[in-house]
Each structure stands twice: as C-alpha cells, then as structure tokens.
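The values are calculated or read from the model by the stated rules, or taken from the named source; none is laboratory data. Note that the coordinates shown come from a computational prediction; the quantities given were computed from them, not determined experimentally. Counting neighbours? That spans all protein chains shown, and the Cβs are built from the backbone with ideal geometry, glycine included.
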Amino acid sequence: MTPDASAPCRVLLIDDDEAFRIAMGKALRRRGFEVTPISGGEAAIAALTETTGEPHHVAVLDLRMPDVGGLEVLRRTSARTLPVVVLTGHGSVPDAVEAMRLGAHTFLMKPLDAEALAPILADAVAPAGAVDDSFVGEAPATRAARGVLERLAQADEPILLTGETGTGKEVAARFVHRRSRRAQAPFVPVNMACLPRELVESELFGHARGSFTGADRRKVGLLEETGEGTLFLDEIAELPIEHQPKLLRVIESRMYRPVGETRERPFHGRLVAATHRDLAEEVRRGRFRQDLFYRLQVLPLSLPALRERPDDILPILTHWLGAVGRRPLELSPGACEALLRHDWPGNVRELVNLARRLTLFAENGRVDAPLVRKMLAANPFAGPAHPTTFPVTAPSDAAGAALDAETGEPEAITLEDLERRHIERLLGHHRNVTRVAEILDINRRTLQRKLRAWGIDVDES
C-alpha cells in the first residue's frame, strides 16, 4: 500500500536496540514520518500480519534479534503487502541475498542515519505508476539480448531467463509479453520464493470450495488468472520439488487440475520462468527435476550483468531519472566517473534504486560525485571499484592532482590512484580512520575495506 500524498508515511521501526529505536524514531519524525517502534521479532510478525486498524506503509527490520531474527520474520510474513527495508550491523552477502529473495525491498548496513534512510523509505512506498518494460542500452551484449527477446516473443514455447539478481529478468519477461500476440491479455508475475510451501499448489492451480480446512470458497489460481496472457514464474528454483511434476504436466499437456476438483482445465497462456540459480547444479543436487529442467530449457536466455555492459550505465540511469523524476537532472563529469567505477553488484535494480534516490536529493538540478558516493555508501555488496584511466582536467576537484613536469597539464592517472593519494594524505594528518571517514562523508567500514584492498595497515588503538 502507498500513502496518500497529503498523509504522512507510516513506518514500523523493528529493532531490539532501544537506543537505536529512540534515536532513529525521533530523526524520522522530524522528517515527517509517523513511526511505530517494535522491539522484537515476534511482535514484528504480529504487526506485519495485522489486518485491522490503520495500516503502515513500510517496515524497517533489524536482521539480528534475540527472539526471532529478521530472515525468519520475512519467511513468516510472506503474504504481507508493505515493503520491508532490512538493516544489520553484522550482515553478510548471503544474508543480503536471502533477504532480497524473501521479498525485502532493500538491505542496508548499519551504522545508518535518518538522512540516508529517509529517501529509501520514500522510494519503497512511491507509487510505481505505469510499469516500464524498456530494455534500455546499446552495448553489444544488450543489443544481442534484445534481438533474442524479439524473436522469443513470436514463439509460444516456455522461456527460461537466467542471470544474476537484478539483471532485469522481469523487465525482459514484460518486454517479451508486450511484443507477443498476447500483449492485450494479462501479464501475471509471481515470485516463487514468496509463496509459503503449503500454499504453492493452491496459488498456482486454485482450489475448489471445501477441498481442505478453511477453503470456504473457490479460489482462482494463477494459471486461470493468466487466461491467454503470460505467466511469469520468478525464482523458479524455489518451486518445491513435490509440485514440479504438476508444472511439468502443464507444460507438456497444457492441462491442470485445481485442488479438490476431478476435472482438468486447459491452460491457454504462455509460461516464462526465471532464476538466478544454476538450475543444472540444482538438478545434480536433487533439488530440481531433470525433466522439468529440459522442458524449460527449450528457449533459454542468460541476461548479462551490468558490469559486463558498462556502456549502458549512463543511458539506463538517464532513462530512469526521466521516468521517476519530476525535473531534468544534469550529471556532472565527476558523477559520471563515480558511476562508471562502481561494480554494480545489484545490477540494474541497484541502478534504478539509485535513480530514485538521486531525484529526491539532487539540488539545483545537478547530480555531483559526492552525492553519488553518498547514495552508494550503504551498499553491503560493494567491493573494490574497477579503476578507470582518464585525464584529470579540473585540479580543484582532483584532490591535489600532480602536474606533468613537461606540459604543466594535470597528470593522467587513474581515479583509484587519485583517491588513494587523498586518503593517505588525510590519514597521515589525522591518524584516525573514523575522523577520515567523517571528512570523506563515507561509512567507516567502506573506508576500512578500501584500506584493506590497498594493503594499508592503520593502527587504530
């Protein structure tokens, strides 16, 4: 649910740290949010599944809590309708991946202040508007993928889309749907990781009234809801293996049977499945049926990661700045360099989220490098940036770039070397990592990670 534009955004703040709840609650209230503090996992589950009273719009959930942890809260509240932002001071990449798989809107590392959290909360509850199915970019890998999708749109066989999380598999599925003969019929997306195991069969196939305890009315399943449209099964590797033969039958015979019925019904739609997992490895481990794997593999396509098509970074960002923003924004040269140096472990999804944040915080219609770095600083996946060689043309922005002895022009060095020189200079003066991180306006852990990557040891005693 999204809040009315004239009403404050109501936030569930779930954390067992009382000091954090008080401080963050006050800071968010000063920014116009209504905040309800929750002290633990069990209370969070009750609040997230509450169906009476005034609804909340977004939840902030701590990952580590003594009674029930954040991941378990996500698992037990998979039917919730509000987005959840997960916070942790002790997280890891597997935790982040699992949280996103369970439907978290985003995953952020502590320490985090309200200034950084507020735009993320606003982004989480912003109305989506018309779904954008633009497969943007002109890099060779993007053009090749788009050409394949155009061809796949003309077929009726199942499609299997693979690739890292955030590469745009749902966008690709919508692209296919809008260019197929089924474009006027429904596009029905479902994330298999968000369906409780005991409800998978009922959700997919529907059920008859009285077919089990609590089935007080007939339920229309997703297969029937699709009609002659496209059914998009995201995270297909999460489909429980006991239900996989039933999906295989749908593909092979185009027939299915709702729970509690004796008569089969025809499936008139088209199936598109997606996963970030290696399905062949899942087959070898006995978690995915080989026959279903081969039936899905008829029309496979692997989508490239964003780091494999860096020429697309700026066009995609520009496209989404126009799609989600209310005013045009200009990217400074320094901002462009910062964007091109980032690894984009969250792929296009991470870039789209950045676009939404920039539209909220950019001043005077301009996006500069410090703003880009600040918006990226809370990313738990971030690793050492890829150095990019370029001529430094603005000494005032170059942290004291050296001049070439012969030409008197700024020396052509890598941006990473420039960054390292500046950080080493600050460390030499202040002798304190925390103070240097404050001066650079970056997270202390981000600075420590950079120092480790450069092999710089700092005595913080």
Pairs please, first residue from region 443-454 and among the aromatic types (F, W, Y) and modelled with pLDDT under 75, second anywhere and surrounded by 16 or more Cβ atoms within 10 Å (Cβ to Cβ) and in a helix (DSSP H, G or I), Cβ atoms under 6 Å, 6+ apart in sequence or on different chains.
W454/R420
Test result for R357, outside the structural domain of P186 (by TED's automatic domain parsing), crowded, with 18+ Cβ neighbours inside 10 Å and either touching an Asp or Glu at 6+ places or on another chain (Cβ under 7 Å) or free of Cβ contacts under 8 Å to residues at least 12 places away in the same chain (or both):
yes
With respect to L296, determine if the residue is touching a helix residue (DSSP H, G or I) at 6+ places or on another chain (Cβ under 8 Å) and assigned by TED's automatic domain parsing to the domain that holds F205.
yes
Residues of region 63-74 being in contact with a Ser or Thr (Cβ under 7 Å, 6 or more places away or on another chain) and within 22 Å of P196 (Cα to Cα), in sequence order, are L63
Unmet criterion (only one of (1) under 25 Å from R197 (Cβ atoms); (2) part of a helix (DSSP H, G or I); (3) out of contact with any Lys or Arg (no Cβ under 6 Å at 6 or more places or on another chain); (4) modelled with pLDDT of 80 or more) for F20:
(1)
P83 - would you say it is under 19 Å from V35 (Cα atoms), modelled with pLDDT under 80 and crowded, with 17+ Cβ neighbours inside 10 Å?
no
Any idea which residue in region 239-274 is surrounded by the most Cβ atoms within 10 Å (Cβ to Cβ), counting only those that are under 24 Å from S211 (Cα atoms) and of a type in the set (D, E)?
E261
